[in-house]
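Undergrad: Can you keep this structure in mind? I'll have questions shortly.
The values are calculated or read from the model by the stated rules, or taken from the named source; none is laboratory data. Fair warning: this is a prediction, and the values are worked out from it, not measured in the lab. Here the Cβ positions follow ideal geometry from the backbone for every residue, glycine too, while neighbour counts run over all protein chains shown. When the accessible area is computed, the model is the full protein with side chains, heavy atoms only, and any ligands, DNA or RNA have been set aside. Shrake-Rupley method; radii C 1.70, N 1.55, O 1.52, S 1.80 Å.
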Amino acid sequence: MSVVESKLRQLGITLPDQVPPVANYVPFVITGNLLVISGQVCFGPNRQLADAHKGKLGGEVDMAAGQAAARLCAINVLVQAKAALGDLDRIVRCVRLGGFINSRPDFAPLPMVMNGASDLMVEVLGDKGRHARTTVGVAELPQDCAVEVEAMFEFA
Amino acid sequence: MSVVESKLRQLGITLPDQVPPVANYVPFVITGNLLVISGQVCFGPNRQLADAHKGKLGGEVDMAAGQAAARLCAINVLVQAKAALGDLDRIVRCVRLGGFINSRPDFAPLPMVMNGASDLMVEVLGDKGRHARTTVGVAELPQDCAVEVEAMFEFA
Amino acid sequence: MSVVESKLRQLGITLPDQVPPVANYVPFVITGNLLVISGQVCFGPNRQLADAHKGKLGGEVDMAAGQAAARLCAINVLVQAKAALGDLDRIVRCVRLGGFINSRPDFAPLPMVMNGASDLMVEVLGDKGRHARTTVGVAELPQDCAVEVEAMFEFA
């Protein structure tokens, strides 16, 4: 078992099967040694959106639920990385995460929400998981998801 | 005539002339074999913003108009790609589209709007047009445009 | 003294010390000859957020303050670039700026705000500072900052 996969197992995380989007876009594209991953929303392992992870921060979604939603996005990013690379040990570096938080216009502690994704990435990948990051609060997200995270990885 | 240009002609799409922005940014930058294109808004071929493509999804802009606006953004992306590369057949892959939808805070079917851009890219470029994608709903866009799309391409 | 540093001095700009974020993300990541910089908010040289640069465009933050905030973001981007590269003369090109403006839903002149960042980049880097750019208005930003700017540079 790969190093990263056994780390996921230690954390009790099972990567769900990858479900490609039914549209003219794809979950990831490889260019050179860069892996570009489409924005992943906070579906759970069963590909369902939990009620707790639906809606806006500063509204019906509280900080803990927002952080859990961000963590789910990061797990879904890893699902796509595994589908792209076969073996997550091929990841050299998580280069960047873009975090979009579904927010009321007065909800400022956005980075704390996004830490749910950043922390997962470092728990799983160690120092290779330390990434550049941009976090913003947006007016709405697909299916009213609380969080969406896009990613770029370097791989070997 | 290039393959991509003849595909555009089949679709009845004439790429308007490229109009560079009058500011300290540029419509595109090339780094290595990557072409990075600035966010393109939904101006029509005459460089005018139609009333139908101005305003918010979930408000004055309905789904069909939003999809048409996203399609215009994708056409404007191709205008910049042609200005950058000379020949659109040099495109190896549309790596990524970033879609920003001018949305009311309760307008969740954002991906359906963005499909207007994704579908155009694949209609014109075929499998080379299948891209990673991030779609979010934002509070406002330049000139109150309904949609803005940024892009990254790999080229040869 | 490097060319870029002396240009900064001419403009009366002192780059503040870099303060790394206390979280599982980092201010920048290098991949190949690309430098990816995390979203930088509009803190001043003292790492404080001025009241004038806190809040929304179209609300309590007027155009001049918004442009000043965008300029501060660009300075903070250069702080990170210097920390990453040691010498800003190693910059080959500012490839892309992503500008996020904390906006009321009816504030459309977003590009004018973002020019505060774009102009600084070209003042300091000359033609190497001309970048691709995406500007959007978002519902909220970390600490209710008026502007956040992320960046990608090519370096040698």
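Undergrad: Residues of C:101-112, mean number of Cβ from any other protein chain within 10 Å of their own Cβ, rounded to a whole number? Let's see the in-between values first.
TA: Values: counts 5, 5, 6, 3, 12, 4, 3, 8, 4, 8, 8, 2.
If you average over the peptide's residues, the count of other-chain Cβ atoms is 6.
Undergrad: Further question on the same structure: Indicate, rounded to the nearest 5 percent, the antiparallel portion of the DSSP beta bridges found entirely in region B:83-156.
TA: Numbers: 9 of 16 bridges.
Of those bridges, close to 55 percent are antiparallel.
Undergrad: A follow-up question, please. Under a 1.4 angstrom probe, counting protein chains only, how are A:GLU60, A:GLU150 ranked by accessible area, largest first? Mind showing how you got there, number by number?
TA: Values: A:GLU60 125, A:GLU150 10 Å².
Of A:GLU60, A:GLU150, the descending order of accessible area is A:GLU60, A:GLU150.
Undergrad: Further question on the same structure: Taking every residue in B:5-17, how many Cβ atoms of other protein chains lie within 10 Å of its Cβ, on average? Kindly include the intermediate steps, with their values, before the conclusion.
TA: Working: counts 0, 0, 0, 0, 0, 0, 0, 0, 0, 0, 0, 0, 0.
Mean partner-chain Cβ count within 10 Å for B:5-17: 0.
Undergrad: Let me ask another. Among bridges DSSP assigns within chain C, what percent are antiparallel (round to 5)? Write out the running numbers ahead of the final one.
TA: Values: 20 of 29 bridges.
Rounded to the nearest five, the antiparallel share is 70 percent.
Undergrad: Rg/Rh for region C:76-156 to two decimals, with Rh computed the Kirkwood way over all alpha-carbon pairs.
TA: Working: Rg = 13.4 Å, Rh = 13.3 Å.
Taking Rh as the inverse mean 1/r over Cα pairs, Rg/Rh reads 1.01.
Undergrad: Roll a 1.4 angstrom probe over the protein heavy atoms and tell me the percent of accessible area of chain B that is carbon or sulfur.
TA: Values: 2930 of 5610 Å².
With neighbouring chains kept in place, the figure for chain B is 52 percent.
Undergrad: A further question on this structure: Using only DSSP helix segments of four residues or longer, with each worth -39500 (n - 2.57), what per-residue ellipticity at 222 nm results for chain B after dividing by its residue count and rounding to 500? Let's see the in-between values first.
TA: Working: 3 runs with 47 residues, N = 156.
Calculated from helices alone, the mean residue ellipticity at 222 nm is -10000 deg cm²/dmol.
Undergrad: A follow-up question, please. Given a cut-off of under 8 Å on Cα pairs at least six residues apart, what relative contact order in percent is computed for chain A?
TA: Details: 313 pairs, mean separation 52.3, N = 156.
Answer for chain A is 34 percent.
Undergrad: Let me ask something additional. Of the listed pairs B:LYS128/C:LYS54; C:LYS54/C:LYS128; A:LYS54/C:LYS56; B:LYS128/C:LYS7; A:LYS128/B:LYS128; B:LYS7/C:LYS128, which have alpha-carbon separations greater than 32 Å here? Spell out each step's value before the answer.
TA: Numbers: B:LYS128/C:LYS54 43 Å; C:LYS54/C:LYS128 30 Å; A:LYS54/C:LYS56 25 Å; B:LYS128/C:LYS7 43 Å; A:LYS128/B:LYS128 30 Å; B:LYS7/C:LYS128 35 Å.
Correct reply: B:LYS128/C:LYS54; B:LYS128/C:LYS7; B:LYS7/C:LYS128.
Undergrad: Now, a different point. Around B:HIS131, which amide H atoms from residues at least 5 apart in sequence, or from another chain, sit under 5 Å from its own amide H, with H modelled in the peptide plane?
TA: The answer is A:VAL26.
Undergrad: Enter the accessible area of B:ILE13 (Å², nearest 10), with the probe set to 1.4 Å and all protein chains included.
TA: 20
Undergrad: What average number of partner chain Cβ atoms lie no more than 10 Å from the Cβ of the residues making up B:40-48? Provide the component values of the computation, followed by the final result.
TA: Values: counts 1, 2, 0, 0, 0, 0, 0, 0, 0.
The mean count of partner-chain Cβ atoms within 10 Å per residue comes to 0.
Undergrad: Turning to a different aspect of this structure: Using only Cα atoms and rounding to the nearest 10 degrees, what angle (0 to 90) does helix A:63-85 make with the longest principal axis of chain A?
TA: Roughly 30 degrees between the two axes.
Undergrad: Looking only at the protein assembly as shown, where both bridge partners belong to it, what percent of the DSSP beta bridges are antiparallel (to the nearest 5)? Walk me through the numbers before you get to the answer.
TA: On the way: 63 of 93 bridges.
The answer is about 70 percent antiparallel.
Undergrad: How much accessible surface does C:ARG90 have with a 1.4 Å probe, in Å² rounded to 10?
TA: Approximately 90 Å² of C:ARG90 is accessible to the 1.4 Å probe.
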